[in-house]
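The values are calculated or read from the model by the stated rules, or taken from the named source; none is laboratory data. Being a predicted model, the structure only gives us computed values, none of them experimental. Counting neighbours? That spans all protein chains shown, and the Cβs are built from the backbone with ideal geometry, glycine included.
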């Protein structure tokens, strides 16, 4: 395959990854890293480096649209970013000390668990939940637009959510996935936040998380401009498209897309990691 064909393949794959990342809050890297390693044959460390840059592009492309529409909880996102940033730095440091096969298996296990959690029933009506004293003190409760007008919701489980965000940051630096999967699940399942608010707030956060670890990959030479450029452009266009479609999308559809795609990719990554084909 010549350079032009390879770049086009990477661009189209990145377009799909960015679209799915913006639509579900995954950040694109959860699809992009397996695509680059399994389909394109890129070394997983370079794939992670390119993915981290694309995650920043995804956040930039989708977050602005979500903020404008009033879905993103800015105060909550900035509060949780403190945990994800420190975790991302720790994950990037660890990534250089373990094998590619181990990274792939860990990647797959994380995705399998994410697919399982995303299928658990969870009510979108969080208004009836009692106010959490800590969330109230930090002024994290907010509203989001619905067809019936602005709807209020209360944030709960702040300490546990903060701890999970640190773990999400570690996974971001280790796997280059933006840790959107764990962020969405933590906010949705643990903190009682409506799913659309979880995905939009995740998109707002992932850029900062990825930037914290991307610098470490850059210093180690794992960010290749020739690979990163088509990845970044494809993901950015896909993210903008996904952000526009999210507003009218059904939550059930989002969950089905979320769980179905990452289940397939999880099995593929575990297989490749165990058989040493990465």
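Couple of notes before you dig in:
- Unique residue being touching a helix residue (DSSP H, G or I) at 6+ places or on another chain (Cβ under 6 Å) and under 18 Å from residue 96 (Cβ atoms) when the list is 206, 216: 216
- Among the residues of region 147-166, those identified as surrounded by fewer than 14 Cβ atoms within 10 Å (Cβ to Cβ) and in a strand (DSSP E or B) are 149, 150, 152.
- Flag if residue 191 is more than 23 Å from residue 10 (Cα to Cα) and out of contact with any strand residue (DSSP E or B) (no Cβ under 9 Å at 6 or more places or on another chain): yes
- Hits in region 70-100 - residues which are over 26 Å from residue 160 (Cβ atoms) and surrounded by 16 or more Cβ atoms within 10 Å (Cβ to Cβ): 100
- Restricting region 36-45 to residues that are under 18 Å from residue 12 (Cα atoms) and surrounded by fewer than 22 Cβ atoms within 10 Å (Cβ to Cβ), the residue that is modelled with the lowest pLDDT: 38
- Among the conditions (1) at pLDDT 85 or above; (2) touching a strand residue (DSSP E or B) at 6+ places or on another chain (Cβ under 9 Å); (3) surrounded by fewer than 18 Cβ atoms within 10 Å (Cβ to Cβ), the only one that residue 144 does not satisfy is (3).
- Members of region 172-192 found to be at pLDDT 80 or above and closer than 20 Å to residue 18 by Cβ, listed by number: 183
- In region 120-133, of all residues being surrounded by 13 or more Cβ atoms within 10 Å (Cβ to Cβ) and within 21 Å of residue 182 (Cβ to Cβ), the one that is modelled with the lowest pLDDT corresponds to 126.
- Residue check, residue 112 closer than 26 Å to residue 146 by Cβ and assigned to a helix (DSSP H, G or I): no
- The numbered conditions (1) more than 27 Å from residue 218 (Cα to Cα); (2) in contact with a helix residue (DSSP H, G or I) (Cβ under 8 Å, 6 or more places away or on another chain); (3) at pLDDT 85 or above are all true for residue 67 except (3).
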